[in-house]
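*Asks:* First the structure, which I've put down as structure tokens, then a few questions once you've had a look.
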Amino acid sequence: MHHYHSYPTIHGCVLDIRHGLIRDLELPIAEWKDGGVVPAAYTANPDEI
């Protein structure tokens, strides 16, 4: 039997007011996994199990 984990997607963005753009922030997911902030099994791809 397979056990699947579902985690919320972690995403960061900021509004660049000067240019009117929404920019993605690069998040330190690997560091957060190492520090136990997010589970080691977390994947940023919601389609990946």
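*Asks:* At 7 Å along Cα-to-Cβ for each site, give me the label-to-label distance between L27 and I10 in nm.
*Replies:* With each label point 7 Å from Cα toward Cβ, the separation is 0.6 nm.
*Asks:* For a quick check: with amide H placed at 1.01 Å from N, whose amide H comes under 5 Å from Y42's, ignoring anything fewer than 5 positions away on the same chain?
*Replies:* Excluding prolines and chain starts, which carry no amide H, there are no hits.
*Asks:* Where Lys and Arg each count +1 and Asp and Glu each count -1, what net charge lies around C13 among other residues with Cβ under 9 Å from its Cβ?
*Replies:* 0
*Asks:* Determine, for I17, I29, the number of other Cβ atoms within 10 Å of each Cβ, and report the residues in order from fewest to most.
*Replies:* I17, I29
Every read-out reported here was derived from the displayed coordinates using simple, explicitly stated rules and does not represent laboratory data. This structure is a prediction, so every number in the text was calculated from the model and none was measured. As a convention, Cβ positions derive from the backbone with ideal geometry for all residues, glycine included, and neighbour counts pool all protein chains shown.
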